[in-house]
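The values are calculated or read from the model by the stated rules, or taken from the named source; none is laboratory data. Since this is a predicted model, take the numbers as computed values, not measurements. Cβ atoms come from the backbone with ideal geometry, glycine included; neighbour counts cover every protein chain shown.
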Amino acid sequence: MTNFNTDKINRLRQLLQEYSVRTGTFTLASGKTSDFYVDCKQTALQAEGCLLIGELIFEHIQTLRHEGATIVGVGGITLGADPMAAAAAVISQQKGAPAHAFIVRKEPKGHGTGRWIEGLKALKIGDPVLVIEDVVTTGGSTLRAIERVREEGLLPIAVLALVDREEDNGANNIRATGLPYASLFKKSDFIK
């Protein structure tokens, strides 16, 4: 398990609280309603938030590497994972230990290659990757990302979420794939 930098975690929690966390009545992607909503893109697209997310994902990649995993790519379902993957790729390059970003489409490209995944030119079949997600509720979009990654010949090694909503069995649904799962934050970090 990654021991994340406490100062970075605390600051990112503040930014998520300021830019992303909302209370009220919201309809989720699953169709359910909730009194808690977190739009991580608002923080991931804010300059400091983007930097912190990239640094913390890179910390997790390095932990996985020290545990014996070779991670050469990082990505997940568009749109939530896109800025996170790009941030992690930039930080990894700056640190001299590259992990290339990739994007999993929600629908295959309608022209050209017809691919589900962008960024494959920097990766090759069999490459081990970290699948990332901005918010996990049921785990459905993460499971689709894992499936697409496997179909394209990449090897998912682990899953990291920015925020786990701690409901609808999302974490367990992801763990049922056999992949290790972790999150930087949980709903309880924001709502007591």
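Worth a mention:
- Every pair of residues 6+ apart whose Cβ atoms lie under 8 Å, when the first sits in the stretch 13-27 and is touching a residue at least 12 places away in the same chain (Cβ under 8 Å) while the second is hydroxyl-bearing (Ser, Thr, Tyr) and not in a helix (DSSP H, G or I): Val21/Tyr37; Arg22/Tyr37; Thr23/Tyr37; Gly24/Tyr37
- Any hit, the stretch 90-109, residues being closer than 26 Å to Gln42 by Cβ, out of contact with any Phe, Trp or Tyr (no Cβ under 7 Å at 6 or more places or on another chain), touching a residue at least 60 places away in the same chain (Cβ under 8 Å) and not in a loop (DSSP other than H, G, I, E, B): no
- Total residues in the stretch 91-108, condition among the aliphatic types (A, V, I, L, M), farther than 14 Å from Gly119 by Cα and in contact with a helix residue (DSSP H, G or I) (Cβ under 6 Å, 6 or more places away or on another chain): 1
- Among residues of the stretch 173-192, those that are within 25 Å of Ile71 (Cα to Cα), of a type in the set (S, T, N, Q) and free of Cβ contacts under 8 Å to residues at least 24 places away in the same chain, counted: 0
- Consider the stretch 155-174 and keep the residues that are within 21 Å of Thr78 (Cα to Cα) and of a type in the set (D, E, K, R). The one that is surrounded by the fewest Cβ atoms within 10 Å (Cβ to Cβ) is Arg165.
- Members of the stretch 22-42 that are under 22 Å from Pro83 (Cα atoms) and in contact with a Ser or Thr (Cβ under 9 Å, 6 or more places away or on another chain): Leu28, Ala29, Tyr37, Val38, Asp39, Cys40, Lys41, Gln42
- Options Ile61, Ile125: the member that is touching a helix residue (DSSP H, G or I) at 6+ places or on another chain (Cβ under 8 Å) and either at pLDDT below 95 or of a type outside the set (Asp, Glu) (or both): Ile61
- Within the stretch 136-154, being small (Gly, Ala, Ser), over 21 Å from Lys109 (Cβ atoms) and surrounded by 20 or more Cβ atoms within 10 Å (Cβ to Cβ) holds for one residue alone: Gly139.
- Of the criteria (1) surrounded by 13 or more Cβ atoms within 10 Å (Cβ to Cβ); (2) within 22 Å of Glu167 (Cβ to Cβ), which one Ala29 fails: (1)
- Looking at Ala158, Ala171, Ala145, just one residue is part of a strand (DSSP E or B) and either closer than 30 Å to Gly24 by Cα or modelled with pLDDT of 95 or more (or both), and that residue is Ala158.
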